[in-house]
Amino acid sequence: MHPYRTHTCNALGLAEVGHEVRLSGWIHRKRDLGGVLFIDLRDHYGVTQIVIDPNSPAAKTLDGARIESTVTVTGTVKKREPGTINPRLATGEIEIGVTAAVIQGPADVLPFPIADETTMPEANRLTYRFLDLRRAKLHKNIILRSAVAASVRRRMWEMGFMEMNTPILTSSSPEGARDYLVPSRIHPGKFYALPQAPQQFKQLLMVSGFDRYFQIAPCFRDEDARADRSPGEFYQIDVEMAYATQEDVFAAMEKLMTGLFAEFTTKTITPAPFPRITFEEAMRKYGCDKPDLRFDLPIEDISDLVKGCGFAVFADCVAKGGVVRLIKVPGIAAQSRKWFT
């Protein structure tokens with residue numbers, strides 16, 4: 001038998017009842033019910049309930065083990081009683097009757113709970129990031145990110161793109177932010193710059209004769225945090241195409257994004273080809289160059305309606321060649337003045 005595990009913690013079912021198995025993972029939860037110890041054992045793949053009888057040789061080992069201790073257990077797969085089946089678990093119809101246990105890594109007192117998704121101060125979470133990433137939501141997010149990256153690569157390969165990795169240590173180049181500088185050991189007094197984007201390198205690839213390039217590229221920019229990116233470092237899907245028009249680029253990206261959303265979400269998105277609006281139209285109708293079209297509250301020109309209306313602010317503006325625009329919000333007139341404040 002394998003020294004650590006014969007199965008993962010989501011792999012056992014009724015077909016394995018009566019089999020001797022070995023699992024390794026973290027103690028997710030513990031419950032002592034009249035001397036019988038119940039433990040939810042968690043690994044990367046899922047959770048399995050293990051049961052330790054007070055007369056089992058493993059009872060003394062696991063009774064004092066703290067939550068999040070790493071353990072290896074050996075035991076027999078048993079079918080749960082009908083009233084104890086947990087439909088929320090993939091392994092909810094079985095449990096493991098433990099006959100032997102080894103503490104691989106004892107845990108200290110935790111700075112915050114792992115099993116319960118309680119809100120914790122960000123500074124505390126980042127200090128213990130390795131524990132924070134054990135929590136179910138974040139763990140699933142990391143798995144999702146990996147799956148999305150794999151899907152991006154597969155879809156880009158299918159469209160004829162080659163994945164290439166561009167240099168990280170380079171010379172400084174003019175971009176939109178400040179560079180991060182790294183001192184050079186072999187050239188004292190000189191510095192490398194971390195790339196703000198692979199822009200120059202991917203253009204060199206096109207000059208070199210490669211037709212379609214892509215990269216899930218790290219970008220380093222010494223700038224403040226924004227709502228849509230972390231400060232200093234973020235990743236982007238970087239693309240370059242030779243002998244291509246703007247429409248060719250749009251078509252490739254539409255195919256990529258519609259495929260990703262169809263694979264990983266149930267949300268309804270606008271089918272390709274996506275609507276195209278000019279910068280001038282975006283600014284005129286929405287007041288910004290990246291409008292959120294879900295709200296569908298365009299700015300409307302009412303200059304003709306207010307011309308000579310008697311309200312000097314509007315009438316004088318139009319008389320001098322200006323325009324008057326507003327946002328039409330259905331049902332807004334029914335709201336009280338208190339609602340606006």
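The values are calculated or read from the model by the stated rules, or taken from the named source; none is laboratory data. From a predicted model like this one, the values you see are computed outputs, not experimental measurements. Ideal geometry is used to build each Cβ from the backbone, glycine not excepted, and the neighbour counts take in all protein chains shown. For accessibility, only protein heavy atoms count, side chains too; no ligands or nucleic acids. Shrake-Rupley method; radii C 1.70, N 1.55, O 1.52, S 1.80 Å.
Things to note:
- Pairs where the first residue, in the stretch 157-186, is within 12 Å of Arg221 (Cα to Cα) and open to solvent by less than 90 Å² (accessible area, probe 1.4 Å) and the second is at pLDDT 90 or above and hydroxyl-bearing (Ser, Thr, Tyr), C-beta under 8 Å, 6+ apart: none
- Test: residue in the stretch 235-257 that is touching a residue at least 40 places away in the same chain (Cβ under 8 Å), assigned to a helix (DSSP H, G or I), open to solvent by 70 Å² or more (accessible area, probe 1.4 Å) and closer than 28 Å to Lys290 by Cβ: yes
- Within the stretch 279-307, being open to solvent by less than 100 Å² (accessible area, probe 1.4 Å), over 30 Å from Val148 (Cα atoms) and not in a helix (DSSP H, G or I) holds for Gly287, Leu297, Pro298, Ile299, Glu300, Asp301, Ile302.
- Here Gly83 clears all of (1) without any contact (Cβ under 8 Å) to a residue 24 or more places away in the chain; (2) within 25 Å of Leu37 (Cβ to Cβ); (3) in a loop (DSSP other than H, G, I, E, B); (4) open to solvent by 70 Å² or more (accessible area, probe 1.4 Å) except the condition numbered (3).
- From the options Leu144, Leu138, Leu126, Leu131, residue that is open to solvent by 70 Å² or more (accessible area, probe 1.4 Å), in a helix (DSSP H, G or I) and over 30 Å from Glu16 (Cα atoms): Leu126
- In a residue-by-residue description of the stretch 197-214, the property of being open to solvent by less than 60 Å² (accessible area, probe 1.4 Å), in a helix (DSSP H, G or I), in contact (Cβ under 8 Å) with a residue 40 or more places away in the chain and not aromatic (Phe, Trp, Tyr) applies to at least one position.
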